[in-house]
Amino acid sequence: MNHHNTSYQNKRMQEITIGIMIPTSGILPMGKQFDKAFKKAIKLELSNTDCELEIITEMIGQGNPVMIEKSLDKFFGYHDANLVTGLFTNHAMGSFVDKFEKRKVPLIINNLGEHLIPSKGYNSQVLINSTHLWQHCWAMGQYAAQNLGKKGLILSSMFDAGYAFLNCIQLGLYSEDENFDHDLRLLPLPEPGKLSQVKEAFDNIDMSEYDFVFPLFCGEEATIFLEEFHSRELMSKTKLIGLPYLLELKEKDLSGLELISTAHENQPKGDLLWKGIFETMGKNCGHAVGRVIAKNLENIDAEELIKEMLAIDGGKEYDSTKIPCLKEKIRLVRHKVKAGNQVVSEDIISVDADLKNDEKIRQSRDAISSSWMNSYLAV
């Protein structure tokens, strides 16, 4: 009996509990990709230690704050978690960040960068591991205004418009010319379970009047947009620029289409369409957390986590008190669709999109936004 107790106490000393929150998505198995990659990476780092690792994964719907709160109550009130991570927006987590400071428990937020964070930042327990798509949008806007003509169209579904993308594209255009001529068209919100009326938009808007079109769509709506754009042979009349998630190619042969998009400076050549991004996030997070635990089996230190994240990918600011953003240049990439929907990609230029001290971005950070809580693509 006694012997049992001592071994139990030893085990208790090295128990680490991690809570993971992941959303469901009809577009991409993003949660599963993150969860699997995180677990694999952390187990690898801890394979030679005597750490008892417990990982609890909670589903949070599409990133709903009510479900996030329930999960956090379990992680803190029942499991006594040493760290929380997963996929969710800054917007959905904003009202919970103080809990982590109070408990001195680190939180690693992972997302595509669909929202900015307030200019006062969060706190020293909160890390943000993001691809900062908002910054990519700004870079594309600036590039379009400098290189693609005098008049642009931004066309978006209500879903894609509920993020910082639109605002940042416009700020990018204005950074080149504060009166840059462009039209902004939002498709009405569809009925629940239905898609936006993407096809109809082509009857209402003459896209050939514009030098470039910035379509903000993802998933099925992106496919419909591309197929319609292609069938009306608009490729010869106007240029397409947009997020990599616009290139949703299905059965229909769309050879001849071209899209100008972006990539990170150190993005793997094989993933210029960002398909493996959630896996990479999970993997980097898992390695960083595992290395910090391996150094000190009893507690997970936020400062050490930042150091490890920087060692894995030094192109970003992770510290939420210093305003997370990309510190590296952003690559502009041209994707050409060839026969059989093979995509061939080439780099155009790398641009410096350092917006740390940009006044308009600072104002955007602190503007009241009534935008979506769910992670981008979690629909």
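Averaged per residue, region 217-315 has 41 square angstrom of accessible surface, using a 1.4 angstrom probe with ligands and nucleic acids left out. Say R0 is 30 Å: what FRET efficiency, to the nearest 0.05, do residue 313 and residue 66 get from their beta-carbon distance? Efficiency computed from Cβ-Cβ geometry: 0.40.
Modelled spin-label separation between residue 80 and residue 205, with each label point placed 7 Å from Cα along the Cα-to-Cβ direction: 5.6 nm.
Among the cysteines of the chain, 51, 218, 285, 325 have no other cysteine beta carbon within less than 4.7 Å of their own. Between residue 124 and residue 220, the contour length at 0.36 nm per residue exceeds the alpha carbon distance by 30.6 nm. Ranked by the mean number of other Cβ atoms within 10 Å per residue, highest first, peptides 221-228, 325-332 order as 221-228, 325-332. Each part reduced to its alpha carbon centroid, region 164-206 and region 22-58 end up 36 Å apart. Entry comment: accessible area of region 42-107 is 49 Å² per residue, from protein heavy atoms only and a probe of 1.4 Å. Each label was represented as a point 7 Å from its Cα along the Cα-to-Cβ direction; for residue 255 and residue 295 these points are 5.3 nm apart. Just to verify a number: FRET efficiency for residue 73 and residue 185, C-beta to C-beta distance, R0 = 41 Å, to 0.05? Computed FRET efficiency for residue 73 and residue 185 comes out at 0.45. Under the criterion of Cα pairs below 8 Å and six or more residues apart, the relative contact order for the chain equals 23 percent. In the chain, the portion of solvent-accessible area held by carbon and sulfur atoms comes to 47 percent [1.4 Å probe, whole percent, DNA, RNA and ligands not counted]. R0 = 25 Å: FRET efficiency of residue 236 with residue 178, Cβ-based, nearest 0.05? Result of the calculation: an efficiency of 0.20.
Modelled this way, with points 7 Å down the Cα-to-C-beta line, the labels at residue 352 and residue 265 are 1.1 nm from one another. Between residue 40 and residue 14, full extension at 0.36 nm per residue minus the direct alpha carbon distance yields a gain of 7.4 nm. In terms of the mean number of neighbouring beta-carbon atoms within 10 Å, the peptides 69-80, 26-37, 206-217, 306-317 order highest first as 206-217, 26-37, 306-317, 69-80.
Stretched out straight at 0.36 nm per residue, the stretch from residue 334 to residue 98 would grow longer than its current Cα-Cα span by 80.7 nm.
The values are calculated or read from the model by the stated rules, or taken from the named source; none is laboratory data. Predicted model only: the values in this text are computed from it and were never measured. Backbone-built Cβ (ideal geometry, glycine too); neighbour counts: all protein chains shown. Surface areas here come from the heavy atoms of the whole protein model, side chains and all, with no ligands, DNA or RNA. Shrake-Rupley method; radii C 1.70, N 1.55, O 1.52, S 1.80 Å.
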